[in-house]
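A quick write-up on the structure given underneath.
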Amino acid sequence: MAQTLLIKNAAQVVTMAGHSERPAKRDAMRELTMIENGSVLVEDGKIKAVGTLADLEQQYQGLIAGAKVIDATGKTVTPGLIDPHTHLVHAGTRENEYVMRLKGQSYMEIMNAGGGIHATTRATMDADFDQLYEESKYRLDTFFQYGVTTVEAKSGYGLSLEHELKQLEVAAKLNEDHAMDIVSTFMGAHAVPIDERDNPEPFVRRVIDDMLPEMARRNLAKFNDVFCERGVFTPGQSRRILEAGKEYGLVPKIHADEIEPYGGAELAAEVGAISADHLLKASDEGIRKMAENDVMGVLLPGTAFFLMAEFADARKMIENGVPVALSTDANPGSSPTLSLQFIMNLGCLKMGMPPEEVLTAATINAAHAIDCADEIGSLEVGKQADIAIFDVPNYMMLSYNYGMNHIETVIKKGETVVADNNGRTHK
């Protein structure tokens, strides 16, 4: 059983309260619920109370007497950060492609030449379960060091039933073993195998007829994602794959409008997707439809930064009522970072989001993007005690001192998993 824990006298406790039922939109993304000189009481891995130390001592004197105490004087306390879009389980790196892009080749040119996703697919297919497990475990450890307490993890580097299952089975085993919570997404439709590019229909059928039923039978994924992009999967193919997934209880997600306007945002709204991700080139009509249908926009500024591309228009989306979340898109080809704090920096500096919006986008809205906001994403009574303690006196410093890791302590389900940037514990 988890210990009783008191985090006391923080300069700021930013609770993100009030948005558990519905994500924050428009002005609400800038309205933080905050307690100055605040404290958080945790019992049995859950939030017991949030308030000033005097209030908590008055109500819970006996409980506090036996609690472990973390003095957060001068620090900022927030919910644990949530990364709602990662390609966690894979093998290999692609630094050679990084150099190719610096010399002028585009992401799609590299992919069509057999690099890109296909390069990672080959490495992932060649890796056995243990190798994928150890490499992915290292990434989870690093995520923790940067304040992330829950990640979404996609398959998509298998392109066959055997290897897609392998990726998702690694994620499931890590979710059992590791302190980090992992929410899994099946993404068999990440790319068309190279030898089938001229006739992708048989592969689309394999995804629908073979892969999706087996994923559902084994209960290995919560979501079904597809890369809807010219040269990958058309809107029509994407619709068929996402609708088929719904028949097996898999909630649609979609990689949408990353390279060019391609109707991905519109499709997300039409199929009832929980989120549309990337959206660098989303149309005005797509943004309008997403807002009308409460589709979360998961923005991945690290990808635009690394590919030296135009950033998604976060301001237009937020002002038009699209609830926005932020993610690393952690993957070896287009966003090889595990720092959601840096992504928050980019949200401010490259997408015009103030610090309040990026904190909302990396906590409670990110929780909504993976359908977990009833348990995580805010510091409210009864929720899971996933907590980040930052060594800064206010939340604005998280974006002001950019490119730095401000984490002092990370709490997962009431247990300390990272303290002073070293020392980790696992389940």
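The values are calculated or read from the model by the stated rules, or taken from the named source; none is laboratory data. Source: prediction; values computed, not measured. Ideal geometry is used to build each Cβ from the backbone, glycine not excepted, and the neighbour counts take in all protein chains shown.
Key figures
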{"quantity": "Pair list, Cβ under 8 Å, 6 or more apart: region 26-38 residue touching a residue at least 60 places away in the same chain (Cβ under 8 Å), other residue of a type in the set (Lys, Arg)", "calculated": "none"}
{"quantity": "Filter result for residue 342 (closer than 24 Å to residue 110 by Cβ, touching a strand residue (DSSP E or B) at 6+ places or on another chain (Cβ under 9 Å) and of a type in the set (Phe, Trp, Tyr))", "calculated": "no"}
{"quantity": "Region 58-80, subset aliphatic (A, V, I, L, M) and over 16 Å from residue 411 (Cβ atoms), residue surrounded by the most Cβ atoms within 10 Å (Cβ to Cβ)", "calculated": "64"}
{"quantity": "Failed item in (1) surrounded by fewer than 24 Cβ atoms within 10 Å (Cβ to Cβ); (2) closer than 29 Å to residue 259 by Cα, with residue 221 passing the rest", "calculated": "(1)"}
{"quantity": "Filter pass, residue 243 being more than 30 Å from residue 359 (Cα to Cα), touching a residue at least 40 places away in the same chain (Cβ under 8 Å) and of a type in the set (D, E, K, R)", "calculated": "no"}
{"quantity": "Options 145, 131, 167: the member that is under 19 Å from residue 336 (Cβ atoms), surrounded by fewer than 16 Cβ atoms within 10 Å (Cβ to Cβ) and either of a type in the set (S, T, N, Q) or at pLDDT below 95 (or both)", "calculated": "131"}
{"quantity": "Condition met for residue 313 (under 18 Å from the mean Cα position of the chain (by Cα) and of a type in the set (Asp, Glu))", "calculated": "no"}
{"quantity": "Of the criteria (1) touching a helix residue (DSSP H, G or I) at 6+ places or on another chain (Cβ under 9 Å); (2) of a type outside the set (Phe, Trp, Tyr); (3) under 26 Å from residue 277 (Cβ atoms), which one residue 388 fails", "calculated": "(1)"}
{"quantity": "Positions within region 44-57 being surrounded by fewer than 17 Cβ atoms within 10 Å (Cβ to Cβ) and assigned to a loop (DSSP other than H, G, I, E, B), in sequence order", "calculated": "44"}
{"quantity": "Subset of region 296-324 [without any contact (Cβ under 8 Å) to a residue 60 or more places away in the chain and not hydrophobic (A, V, I, L, M, F, W, C)]", "calculated": "297, 301, 302, 303, 310, 313, 315, 316, 320"}
{"quantity": "Subset of region 180-209 that is over 19 Å from the mean Cα position of the chain (by Cα) and part of a loop (DSSP other than H, G, I, E, B) - its residue that is nearest to residue 149 (Cα to Cα)", "calculated": "191"}
{"quantity": "In region 1-26, the residues that are outside any strand (DSSP E or B) and in contact with a helix residue (DSSP H, G or I) (Cβ under 9 Å, 6 or more places away or on another chain)", "calculated": "4, 16, 17, 18, 19, 20, 22, 23, 24, 25, 26"}
{"quantity": "Filter result (farther than 22 Å from residue 244 by Cβ and touching a residue at least 12 places away in the same chain (Cβ under 8 Å)) within region 173-192", "calculated": "173, 174, 176, 177, 178, 179, 180, 181, 182"}
{"quantity": "Where a residue in region 193-212 is free of Cβ contacts under 8 Å to residues at least 40 places away in the same chain and its partner, wherever it lies, is surrounded by 10 or more Cβ atoms within 10 Å (Cβ to Cβ) and basic (Lys, Arg), with Cβ under 7 Å and at least six apart", "calculated": "204/240; 208/240"}
{"quantity": "Any pair with Cβ under 9 angstrom, 6 or more apart, that starts in region 101-112 at a residue that is among the β-branched types (Val, Ile, Thr) and ends at one that is part of a loop (DSSP other than H, G, I, E, B)", "calculated": "110/94; 110/116; 110/333"}
{"quantity": "Sole exception among (1) among the small types (Gly, Ala, Ser); (2) in contact with a Phe, Trp or Tyr (Cβ under 8 Å, 6 or more places away or on another chain); (3) under 21 Å from residue 274 (Cβ atoms) for residue 147, by number", "calculated": "(3)"}
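The rows are residues; the columns are (1) of a type in the set (Val, Ile, Thr); (2) more than 25 Å from residue 222 (Cα to Cα).
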residue	(1), (2)
352	no, yes
384	no, no
387	yes, no
398	no, yes
416	yes, yes
